[in-house]
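Remarks on the structure that follows.
The values are calculated or read from the model by the stated rules, or taken from the named source; none is laboratory data. Given the structure is predicted, the values throughout are model-derived calculations rather than measurements. Cβ coordinates were reconstructed from backbone atoms using ideal geometry, including for glycine residues, and neighbour counts include every protein chain displayed.
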Amino acid sequence: MRDKNWDLPAGMTVPMAMHSEWKLGSGITGGVKRVVRLALVAGAGLMALLFASGCQPPPVTLPTDAQDACPLSAGTFNSWFQSGSVSLNGAVNPANSTQGLTPNCGFYAWSEQMFLWLTSPAPASYGGGAHIFDSPAFFDVTPPDGGGNRTLLAHTPGLIHAFPIRTAQLGPHGLAIVVDSTGKTFEARPVDPSLKPMVRNPAGQLVQVIHARMERGRVVLLDGQQQVIGAQHVATPTLLTNDRDKAGSSFAQKFIVDRIPIFIDSALAVIDVEQGQAGDSSVLEAQTAANGSLVYYATMVNDVYAYFLTGQKDGSITTTTPGQFPTTSADLTNTLNFAAAHGKAASSFPDQNALAVEVKSSWVVAASLPNQGNYITMNATIPVYDRSNPNQWTQTGQQTVLMALVGMHVVGSTSGHPEMVWATFEHTGNVPVGTYTYNAASGPQTVTQNVAGTWLFSATNSAGPFNVAHMTASGPPNVITSSPNPAGGTFTISASDTLRIEPWGIDGSQAGSNTEVISMNEHVTGMLAGGDIRGNYLMTGATWTPFGSNPSGSNDGVGTNKLSNSTMETYAQGSNCFDCHQNLTPNLPNVTTEVSHIYPAIKPLF
């Protein structure tokens, strides 16, 4: 069974369905678009339903016959809403993060509730804003300035947010993350013009790389005589002791040769990196058939996070364990007392028990989306580019436009988990997904990869290659340039085809884990009021560490530990949040605030 969304023609009404029971949805007036959710059960198979009008349903990735591996009662779901019962696009309370969570379903329920809360319309008690994440209870986090510093911008009524294009996926030391052909992540030191790209040939001799070209998707290195260097490509880097720090991070030096990025480890061996995934700041673009928008990003934190950070950095706040995010009522009280001493009363924190919350979101321009009414939207200022050169776009100014939400990371501290819970959500129309298995009532089922249909970030029936960047950003000045093509030559600046490799944040063969995430999604989408705009977004997983232990790599993550968002980790899929978000102070027995990359760079509020 699959959950399907349609963008209806003007004036058309259809019944709503929850599982196999039908109920009547409210009517639609001319020109107003509605999202209609239908679910049909056909044994263990999946059926497609077409409207009599001939509208083709876009592909959706949630089966609805999964075992109830993560129960969620109607009474509990009703209690999430501020009114005490489910209401259409109604305001939701945040989860009480001072209370413990039960693995794994408790963490998934926390994630779902926090997403519904963040994307709720902001009640008057929040002081304005279209959504809670847009309200004065949150702050924008600016991109780093020339000195690497970030600033907290208070949300005020009428604030127009500034959304930049993609920034590099950073590792624990603030360096760009690159994934090798085995899925291992490492941090790439930026290009240093004073260094020469030296490698060892099979005879162990040092040879300088002068030229490079692509053959069958692999890099071929040439010396000064245009002879091929039989470089020692290694699947897993052989790193010297001085190239691995105490936290276990792996490093490599990046070079650009003939516009092709190559990465060399400290043993002077070439690291086998998938070309197209080797850009520091790969830029994602929607398919032209959708609207051709670039993807833009925003990072926000809540008031507890902002005041906790400020108090921690001036030494006024201590937590149960020094240097970690608040996880207890006592930690929260310390933060509220600090805020009160600086003129912000505890009563002005509308949702204190949410504790520290960090949100990263991804957006496209809403104009020309064929189903704009299916997206959460807000106004923002974005850069404008001169697109006349197919290989290089240069920023010419900026404009304020309506933006549509396509992805969101929800990150927050909870009881016993100062490393924070890391969850991610996507719009159902973003991308096709890889093959996965799950457990249905009738037995194990396999959903095979299906690229048919209309996707925002993948062409219909694309044969790939998937997740290969066509462009990268650099700056200042703010310039977008085309990327190398694994098949040879260089792409023009264009939309790439994206596939979510691990549909539910873990290896697709892990039926039990997949079923838990699917089950939680089934409950939430099934119990939301028909037409609730939040029903167009799915949780694709969440991860944390056992007992809140110090994260030092992907092996520490539990839940769904290969968690990637197709709009944010597009070109670094298969890794884990904790490959990048680690504690760099291993002498401390507990997790520190360093797991949040933005935390060390943010200036205090005052």
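Only one residue in 383, 326, 370, 350 is part of a strand (DSSP E or B) and in the same structural domain as residue 153 (by TED's automatic domain parsing), so which one is that?
Numbers: 326 fails: part of a strand (DSSP E or B); 370 fails: part of a strand (DSSP E or B); 350 fails: part of a strand (DSSP E or B).
None of the other options fit; the residue is 383.
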Only listed residue being crowded, with 21+ Cβ neighbours inside 10 Å and either on the phi > 0 side of the Ramachandran plot or free of Cβ contacts under 8 Å to residues at least 24 places away in the same chain (or both), chosen from 541, 535, 489, 531: 541
Requiring at least 3 residues that are buried (at least 16 other Cβ atoms within 10 Å of the Cβ) and at pLDDT 90 or above, the strands (runs of 3 or more DSSP E) wholly within the stretch 118-216 are 138-141
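Identify the residue in the stretch 353-370 that is touching a helix residue (DSSP H, G or I) at 6+ places or on another chain (Cβ under 9 Å) and surrounded by fewer than 21 Cβ atoms within 10 Å (Cβ to Cβ) and, among all such residues, is nearest to residue 569 (Cα to Cα). Break it down stepwise before answering.
Filtering the stretch 353-370 down to residues touching a helix residue (DSSP H, G or I) at 6+ places or on another chain (Cβ under 9 Å) leaves 353-359, 361, 366.
Next, from what is left, pick out any that are surrounded by fewer than 21 Cβ atoms within 10 Å (Cβ to Cβ): 353, 366.
Numbers: 353: 29, 366: 22 Å.
Per the stated criteria, the residue is 366.
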So residue 452 clears everything in (1) outside any loop (DSSP other than H, G, I, E, B); (2) aliphatic (A, V, I, L, M); (3) surrounded by fewer than 18 Cβ atoms within 10 Å (Cβ to Cβ) except one condition, right? Which one? (1)
Out of all the residues in the stretch 48-68, is one or more of a type outside the set (Phe, Trp, Tyr), at pLDDT 95 or above and exposed (fewer than 15 other Cβ atoms within 10 Å of the Cβ)? yes
Residues in the stretch 402-425: is at least one without any contact (Cβ under 8 Å) to a residue 60 or more places away in the chain and crowded, with 16+ Cβ neighbours inside 10 Å? yes
Residues to consider are 430, 389; find the one that is surrounded by 22 or more Cβ atoms within 10 Å (Cβ to Cβ) and part of a loop (DSSP other than H, G, I, E, B). 430
Right, residue 509: closer than 23 Å to residue 71 by Cα, in contact (Cβ under 8 Å) with a residue 24 or more places away in the chain, in the same structural domain as residue 595 (by TED's automatic domain parsing) and in a helix (DSSP H, G or I) or not? no
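Check 320, 335 and return the single one that is touching a strand residue (DSSP E or B) at 6+ places or on another chain (Cβ under 9 Å) and over 30 Å from residue 390 (Cα atoms). So that I can check it myself, show each step before the final result.
On the way: 335 fails: touching a strand residue (DSSP E or B) at 6+ places or on another chain (Cβ under 9 Å).
Result: 320 is the single residue among 320, 335 that is touching a strand residue (DSSP E or B) at 6+ places or on another chain (Cβ under 9 Å) and over 30 Å from residue 390 (Cα atoms).
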Among what's in the stretch 481-536 and is under 24 Å from residue 452 (Cβ atoms) and of a type in the set (S, T, N, Q), pick the residue that is nearest to the chain's Cα centre (by Cα). 498
If the Cβ limit is 9 Å and pairs must be 6+ apart or interchain, which residue in the stretch 340-360 that is among the acidic types (Asp, Glu) pairs with which residue that is in a helix (DSSP H, G or I)? 351/117; 351/126; 351/132; 351/303; 351/304; 358/305; 358/599
Could you tell me which numbered condition residue 606 fails, if it satisfies all but one of (1) outside the structural domain of residue 309 (by TED's automatic domain parsing); (2) at pLDDT below 90? (2)
